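Nothing in this text is a laboratory measurement; each read-out follows from the coordinates by a stated rule. In this text the structure is predicted, and so the values were computed from the model without any measurement. Cβ placement follows ideal geometry from the backbone for every residue including glycine, while neighbour counts extend to all protein chains displayed.
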Amino acid sequence: MPQNKLNILHYPVQSWVANASAVIQNAIEECLLVNSVCNVMLTGGVTAKKIYQEWAIAKSLPLERIHFFFGDERCISPDDQNSNFFMVMSSLFSGGIIEVGSISRMEGELPDRALAASRYENLLPNHIDVLILGLGLDGHIASLFPGHSALEEELKLVVSVSQVGVMYDRISITPRLISQARKVFLLATGAEKGKVLAKALSPGCSNRDLPVCLTLDGTWLLDNEAYSQLLINK
Ligand code: 6PG
């Protein structure tokens, strides 16, 4: 994966949330300069939750012109506090759903996971304008875990994922959807995630070993603790 397009932005720990949320909001607003709506795909995770809470407080996102989608979901009820949908509703939409373009939820609760994945794929727009991804310490993004066959999927945009050692079955976007997204933002804070990213920058890194390598032509939004790990052994 070429690293020539990788854009790394880094900020002090204390101001990371404010800066990262502003960068992504700016991308959404740029999209809306030339489009009537912006298709934004959200991630789960506590890192992203901080961004969503910042947006909820600022109340400055043009929600009525944004169509929200999810990059992955756990196969549990949307009412379960461990679902990404629940997390987004309780952070970004903690003040209630007012004037939002649309929110398209992955039906993780369906017993037939493959059906849930295909139903979600069928409601996706032609492309995602802004894709937000978090980073797991094993290098996963969305629910694309190292070594999983979903990383080899070349046709589908959404698949079901079961992984030994991973809590819950999942529904997840595939590398093909990530490659088609107009703008990809990876959120990563802390030294441990910085060490994972340093590996992703090393020669010979493969998507299969470190799925975060799928974001090497996107924008990494790092705090300085994560960023400092990229400078070691540079
Ligand atoms: C999920 C997310 C997952 C998450 C990373 C980072 O369903 O958990 O989609 O990809 O973004 O695991 O999570 P943290 O921000 O909590 O470390």
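Table for the structure above
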read-out	value
Segment 119-214, relative contact order in percent, only Cα pairs under 8 angstrom and at least six apart counted	36
Convex hull volume of segment 1-88 per residue (C-alpha atoms, cubic angstrom)	140
Residue-by-residue Karplus 3J(HN,Hα) for segment 219-231, coefficients 6.51, -1.76, 1.60, Hz, glycine and proline x	10, 9, 10, 10, 8, 5, 5, 6, 4, 4, 6, 6, 8
Over the chain, relative contact order from alpha-carbon pairs under 8 Å, at least 6 apart, %	25
Highest-fluctuation residue, 72, 223, 80 considered, GNM on the chain with Cα pairs under 10 Å	80
Amide H contacts under 5 Å for residue 183, placed H, 5+ residues apart	130, 131
Test item: Cα-centred dipole of the chain, Lys/Arg +1 and Asp/Glu -1 on Cβ, debye	460
Per-q log10 I(q)/I(0), segment 51-127, q = 0.12, 0.14, 0.18, 0.23 Å⁻¹ (Debye; single scatterer per alpha-carbon; no solvent)	-0.36, -0.49, -0.77, -1.11
Sequence-distant residues sharing a close amide H with residue 10 (under 5 Å, placed H)	222
Rg and Dmax of the chain, Cα atoms only, in Å	16.6, 49
Solvent-free Debye scattering, log10 I(q)/I(0), computed from the Cα coordinates of segment 148-234 at q = 0.11 Å⁻¹	-0.35
Set of lysines with alpha-carbon distance to residue 5 below 20 Å, sequence-local pairs under 8 removed	183, 199, 234
Relative contact order (%) - criterion: Cα under 8 Å, at least six apart; region: segment 1-115	25
Kirkwood-based shape ratio for segment 72-189, expressed as Rg/Rh from alpha carbons	0.94
Rounded to 5, percent antiparallel among DSSP beta bridges of the chain	25
Whole-Hz ³J(HN,Hα) from phi, Karplus 6.51 cos²θ - 1.76 cosθ + 1.60, for segment 152-164, glycine and proline x	9, 5, 10, 9, 6, 9, 9, 9, 8, 10, 10, 9, 4
Cβ-based exposure ranking for 38, 205, in which fewest neighbours within 10 Å come first	205, 38
Per-residue HN-Hα couplings for segment 59-76 [Karplus 6.51, -1.76, 1.60; θ = phi - 60°; Hz; x = Gly/Pro]	6, 10, 6, x, 4, 5, 10, 10, 9, 9, 10, 10, x, 6, 7, 7, 7, 9
Dipole-positive endmost among 128, 168, 19 within the chain (Cβ charges, Cα centre)	19
